[in-house]
């Protein structure tokens, strides 16, 4: 009999408007896994900057990414699966976040669809005007990064089904 494989921490990644929060929350609920909203881990200064339409630079992002990485590490080191949202736009950011029990699920969508979604989100701090800078910053995932690409043009439930099936995810036993 083979030993059970540790279920991963899923980093739901992509640019703003791709559906990270919605799909990540649904996935975590379906599996009974911990969920964390990466945007909630941003310091107030980052949120204020983005709300003013100013893109974050690396100096803004690194302290936030370390908090996200700590959440991931606390889960993987204890063998606990989870789902966290994080744009993870650059390879260097993902290098900080990744590990043997981490999978990046990249929600990919057309710029016009993403822009429309962003414009129709009431009360969100990230304005649609920052989508172009996010798309310009986004670096493709490498073959050595454990990942899954998911078309964000489907319903959230369909996307969750695809993620569960493709990665062989197993609900937590309560």
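The values are calculated or read from the model by the stated rules, or taken from the named source; none is laboratory data. Being a predicted model, the structure only gives us computed values, none of them experimental. Counting neighbours? That spans all protein chains shown, and the Cβs are built from the backbone with ideal geometry, glycine included.
Among the residues of the stretch 99-116 satisfying the criterion of being farther than 15 Å from residue 135 by Cα and out of contact with any strand residue (DSSP E or B) (no Cβ under 7 Å at 6 or more places or on another chain), which is modelled with the lowest pLDDT?
100
Do you know which residues across the stretch 48-61 are surrounded by fewer than 15 Cβ atoms within 10 Å (Cβ to Cβ) and part of a helix (DSSP H, G or I)?
48, 51, 58, 59
Regarding residue 84, is this residue touching a strand residue (DSSP E or B) at 6+ places or on another chain (Cβ under 6 Å), assigned to a helix (DSSP H, G or I) and under 23 Å from residue 108 (Cα atoms)?
So residue 84 does not fit the description; no.
Which of the following residues is more than 24 Å from residue 151 (Cα to Cα), touching a residue at least 60 places away in the same chain (Cβ under 8 Å) and touching a helix residue (DSSP H, G or I) at 6+ places or on another chain (Cβ under 7 Å): 12, 50?
50
Being touching a helix residue (DSSP H, G or I) at 6+ places or on another chain (Cβ under 7 Å), buried (at least 22 other Cβ atoms within 10 Å of the Cβ) and in a helix (DSSP H, G or I) is the requirement here; does residue 72 meet it?
So residue 72 passes the test.
If you take the residues of the stretch 30-47 that are surrounded by fewer than 17 Cβ atoms within 10 Å (Cβ to Cβ) and either touching a strand residue (DSSP E or B) at 6+ places or on another chain (Cβ under 8 Å) or not in a helix (DSSP H, G or I) (or both), which of them is modelled with the lowest pLDDT?
43
Here is a list of conditions, (1) closer than 19 Å to residue 65 by Cβ; (2) modelled with pLDDT of 70 or more; (3) surrounded by 15 or more Cβ atoms within 10 Å (Cβ to Cβ), and residue 162 meets all of them except one; can you say which number that is?
(1)
Among the residues of the stretch 90-102, write down those that are surrounded by 21 or more Cβ atoms within 10 Å (Cβ to Cβ) and touching a residue at least 40 places away in the same chain (Cβ under 8 Å).
94, 97, 98, 102 - these are the residues of the stretch 90-102 that are surrounded by 21 or more Cβ atoms within 10 Å (Cβ to Cβ) and touching a residue at least 40 places away in the same chain (Cβ under 8 Å).
Considering only residues that are closer than 24 Å to residue 95 by Cβ and crowded, with 17+ Cβ neighbours inside 10 Å, which ones fall in the stretch 1-20?
Listed by number, the residues that qualify are 7, 8, 9, 10, 11, 12, 13, 14, 15, 16, 18, 20.
Conditions: (1) more than 27 Å from residue 132 (Cβ to Cβ); (2) in contact (Cβ under 8 Å) with a residue 60 or more places away in the chain; (3) outside any helix (DSSP H, G or I). Residue 27 meets all but one. Number of the miss?
(3)
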